[in-house]
1. Find the Cα radius of gyration of region D:192-256, compare it with 2.2 N^0.38 Å by division, and give the number to two decimals.
2. Compute the distance from the alpha-carbon center of region D:268-301 to that of region B:244-301, in whole Å.
3. Give the dimensionless ratio obtained when the Cα radius of gyration of region B:1-151 is divided by 2.2 N^0.38 Å.
4. Using Cβ counts within 10 Å as a stand-in for footprinting exposure, how do C:Ser137, A:Ser25 rank, fewest first?
5. Taking the beta-carbon count within 10 Å as an exposure proxy, list C:Glu49, C:Glu107 from fewest neighbours to most.
6. Mind listing the long-range amide H neighbours of A:Val57? Cut-off is under 5 Å, sequence gap 5 or more, other chains count too, H placed in the peptide plane at 1.01 Å from N.
7. I want to verify a result. In a Gaussian network model of chain B, Cα cutoff 10 Å, which of these has the top mean-square fluctuation: B:Ala175, B:Ala12, B:Ala121?
8. Calculate how many DSSP beta bridges within the protein assembly as shown are antiparallel, expressed in % of all such bridges and rounded to the nearest 5.
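Laboratory data are not the source of any read-out in this text; all were calculated from the coordinates shown. Nothing here was measured: the structure is a model prediction, and the numbers come from that model. Ideal geometry is used to build each Cβ from the backbone, glycine not excepted, and the neighbour counts take in all protein chains shown.
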There are 4 protein chains.
Amino acid sequence: MTRFLSDNVTSACPEVMKAIFEANSGDANSYGDDDWSQRLGGRVSEVFEKEVLVFPVASGTASNALALACLTPTYGKVFCHQLSHINTDECNAPEFFSGGAKLVPIEGALGKIRPDDLAQAIRGAGNVHAAQPACVSIAQSCEAGTLYQVGEIAALAEVAKAQGLSFHMDGARFANGLVGLGVSPAEMTWRAGVDVLSLGGTKNGCLAAEAIVFFRPELAEAMPFLRKRAGHLLSKMRFISAQLEAYLSDDVWLRNARQANDMAARLSQGLAAIEGVSLAYPIQANEIFVELPDWAVSRLEKAGYEVNDQELDEQAPPRFVTAWNTQEDQIDSFIAALSADGA
Amino acid sequence: MTRFLSDNVTSACPEVMKAIFEANSGDANSYGDDDWSQRLGGRVSEVFEKEVLVFPVASGTASNALALACLTPTYGKVFCHQLSHINTDECNAPEFFSGGAKLVPIEGALGKIRPDDLAQAIRGAGNVHAAQPACVSIAQSCEAGTLYQVGEIAALAEVAKAQGLSFHMDGARFANGLVGLGVSPAEMTWRAGVDVLSLGGTKNGCLAAEAIVFFRPELAEAMPFLRKRAGHLLSKMRFISAQLEAYLSDDVWLRNARQANDMAARLSQGLAAIEGVSLAYPIQANEIFVELPDWAVSRLEKAGYEVNDQELDEQAPPRFVTAWNTQEDQIDSFIAALSADGA
Amino acid sequence: MTRFLSDNVTSACPEVMKAIFEANSGDANSYGDDDWSQRLGGRVSEVFEKEVLVFPVASGTASNALALACLTPTYGKVFCHQLSHINTDECNAPEFFSGGAKLVPIEGALGKIRPDDLAQAIRGAGNVHAAQPACVSIAQSCEAGTLYQVGEIAALAEVAKAQGLSFHMDGARFANGLVGLGVSPAEMTWRAGVDVLSLGGTKNGCLAAEAIVFFRPELAEAMPFLRKRAGHLLSKMRFISAQLEAYLSDDVWLRNARQANDMAARLSQGLAAIEGVSLAYPIQANEIFVELPDWAVSRLEKAGYEVNDQELDEQAPPRFVTAWNTQEDQIDSFIAALSADGA
Amino acid sequence: MTRFLSDNVTSACPEVMKAIFEANSGDANSYGDDDWSQRLGGRVSEVFEKEVLVFPVASGTASNALALACLTPTYGKVFCHQLSHINTDECNAPEFFSGGAKLVPIEGALGKIRPDDLAQAIRGAGNVHAAQPACVSIAQSCEAGTLYQVGEIAALAEVAKAQGLSFHMDGARFANGLVGLGVSPAEMTWRAGVDVLSLGGTKNGCLAAEAIVFFRPELAEAMPFLRKRAGHLLSKMRFISAQLEAYLSDDVWLRNARQANDMAARLSQGLAAIEGVSLAYPIQANEIFVELPDWAVSRLEKAGYEVNDQELDEQAPPRFVTAWNTQEDQIDSFIAALSADGA
């Protein structure tokens, strides 16, 4: 039974599993000196229409924290949304990898940072008492399940660049954002000013595969050593690279994301039609935050669904997440459980 | 000419200088194994009416950051006011010394944290994705120049203790707070729930002397090593300890603080009497934040005073600080400059 | 073609691949709250005949560095062999994860530390100027491909324990050691004094799976947070746990290791029979270090084998490694290439 | 009574104390923006015959560790003598400040590294598994109390530079080395290839004053922030700078060092004349290592002298240290105690 708890509870998609199996033939050089890893840079460069440097890792936390460690000195500041995953859900990984940089949380409606608020927050450059402004990090799709429009990304990047800061995107749900906006990978990243992208695969059909993508290769100088030092240079790297190669080929990632987004739309429509239930934010990707009255929580729990308990943020409404393999009948069962008479 | 920029621009007081000179006689064991340092624990214990452990250091940043490093694991959270010195003016020192802990900034009027807001902010204990709530740090006097009442300290400590957190006080201007409240050192610290105090001397008459005071010695286990590892175990420690001993003897620290506070009162009265000028916060210690119209800034600058440019916080009103050696005529000259006709 | 460069160039064994595929069915709770991960502790406890705590990770470097981070404070010392992997091949990962602990390299014949040398090296406890002795780490099998006898392990552990240090074993090739000695997992670890084991799977048939095994659970208190903070708590952890479960079931790990060791024996016998070629160390597991005259290097390279260039240690003889899937005919081809007339 | 335990047990010299007192007049800008600190750069540049950048701090450990943190990345290696202070006596400060760099200990007679051994030790550049060679650090005078000749320094620097490494000198006893060699500050540093010098004052007449001197200013970019972040940017910095200014003026530092060295010569001559007592190393500065028979230790202890117990290095012979204020009669009393009949 699908409970819509997160997209990281799903299995891996057939194309990715097939790639893992095919990669499991014979010896291959270790630590990324294999054919799969060697091909991956070309594949990603093609997808993003730009020569990029790619560093595969096995977890999203590593992907974000390693990227940020390349962009900020130990005495630096990373500007991010108050609810951002890097600030609330990674147990100080960015601080650890960067050697003690400070995350500066910025409030903002719909999980998004506004350019004015960012400009206001960036202070103290050159002042030896202040941690030094170093980079900005946004998530796409973001923590409220909403999307930055391309123009919004560009506006934030412009603020960052004007102050000499670099610009990072946490793309744990990058494909969902891409499909949601209907733009190209290039448009949503480097053309809008993104310097480094943490490109997620795990939540959208991979088994465990993320890629750190540098649109400005000169920022990646320390990365090979930082990745090794952190235990994220896997010896049998071919198995990560093979996942990513399959994921980014034949539109697998887009197809998976489209299914997730479509099911989120269906789920949200069902929810919105129920009296007393209301959507907390616009539905733009595959996460749905919803205001539920007590009777609705009871019905869902009785039917076996779990409603998040908001441990980390009391104000946060319950969240339901669809995934690459969510099916219409699963949505319909959920809505039916919630709509049931005589609960 | 005194410009009231900060209390750290002052010279050291005669009693402290005398102690340094007297300590400069003959050989003495190094690294704190000297007579002055050995006596210091007793002196501080007497002052605080409790057996304490004392670790002298030469800077306030070290005093705060070392204390916090004893109270939080690398994956921990320190709860503090958004404007606190540890959060805004120490260039990531707390993050550095703690190995990457996260400072969680909390807003609050008059530079103070309210217990409800603290209780609301402490979340995620036991949740492996969340940095773990570890300690609370307040400043007394605080960043707005205001004071926590003893009951307010106790209320915050109670919130902290109820969640298993320890409680730290940044006492860079501890004596000013003490004199301002008119209570005993014990009442303002451990009796109200403070576990560790960073006791300042430098701003109030010392040359360079701060003391980390542990009211719960079991929290200090790692401190000797952390202090050495950070280069803050001075070889000729006697010169730091001698300062602190003189500072805490014969009411030197209280007399110095009283003079500073009295002069702040005089300055604030003078300011409040000028039409168009208003005090931003109540004056409770030796810092004065004041709303100045443009003509007032011009007059002061013409007379040679410097008005802070609020580099780190645009909203912050200009600040003037009195010190242990501020004299009445200095205050009067300042007020005269501001009140001058024909500016 | 197998080139005997390392056991980490191999594919994963069928049992492990089957487990991955079977784990890929339906949703499962993330971050180790899945059935596979929940079962794993029991499986490992059974194998080691003791209730243990197990933390799966995806890389050997992470497994070692996380274990050491639990055993040493930031101001601590880790005693290890000069040639140990943690000292020479992990790009400062132990220093990173521990927050700056010092690795103290100890020389010793055959890649092994002698108890007397260890006892001599452990100094400075309680001396605030000295980094504090915290733990001892050995590898089994070790960097010279040799094995510590159970009594040798116990003797080192005794030295460590007598000084209050904990004892860690880098078991990247643990199964090869086990088969080489012909003892039980319990005998080679906790019964001999090992507190924490980094148990390798990747080199011996897994795709990417290692387990940190705590024989003294009280040492693991910080581990959940350290693992998460380092990005090594994978969201789809079931896929790591499933590998380990299959690996440790039905003697897969022992059978794989036996094959590797047997092939190493065959290879070493072939090598020793060639005039001018000599084994550098006794062959006790699956690594072979061999002194090769120039003509031998030429012949091997001409036949397509790669001879290590000893970049990190000029004195080190070339190394060849057999693995779980090495076949007799591969050995025989290698020996034939080396023995060839008229090369 | 002088016990010759170390030169850090001494008082400060009159010139330095006078400078502190004179600096204690009126207000002065804080954090190094004062007249004394502003003048210091010029003074040091004059002394070293080169435009340098100078960062005063209060402790030698901070001076070394901050310098090294500018010269090595977190994944770097610092090559140093096995007995060097940075390796044995700073409780992991270099590891802490650098964020986890590795100190690679090199053996060498008389406390000195030989160029061949250094060249042999520098390995692994560009190899992602190896911590990256980053800098070389030597002490002058060194841990055996001996001196590198200028040519020896240049030879080591040449090895370092040929591999792209920077070169640091721990000059805790720099003046003693200078006087011992009879060369100029420039000759013993940048002309021989030194990039950064940790210039000691505390052991040779200061109260607490050290200076980090950059001969290549481009290496100092991060230093202001690293110093602040470590709590080593003192607010009343004028008191450190004033010490250094006085110390480096009117030959105070050289005169102090000459006295110390002269007394060491006198002490060593006295020791060498006693049958059964022998000098362990040549006496070239102000430290004397001496092989003492048991009866000699007994006599000294009976007379109130303390003989080091070699806690950190069993093989190390006892050490006696003379200082800027050691007097001939103190030497003579010591020798007399040791020579006494009927002990």
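1. Here the answer is 1.21, to two decimals.
2. Using only Cα atoms to place each centre, the spacing works out to 62 Å.
3. 1.27
4. A:Ser25, C:Ser137
5. By the 10 Å Cβ count, ascending: C:Glu107, C:Glu49.
6. Excluding prolines and chain starts, which carry no amide H, the hits are A:Glu210, A:Ala211, A:Ile212.
7. Judging by the Gaussian network model, the answer is B:Ala121.
8. Looking only at bridges with both residues in the protein assembly as shown, the antiparallel portion is about 45 percent.
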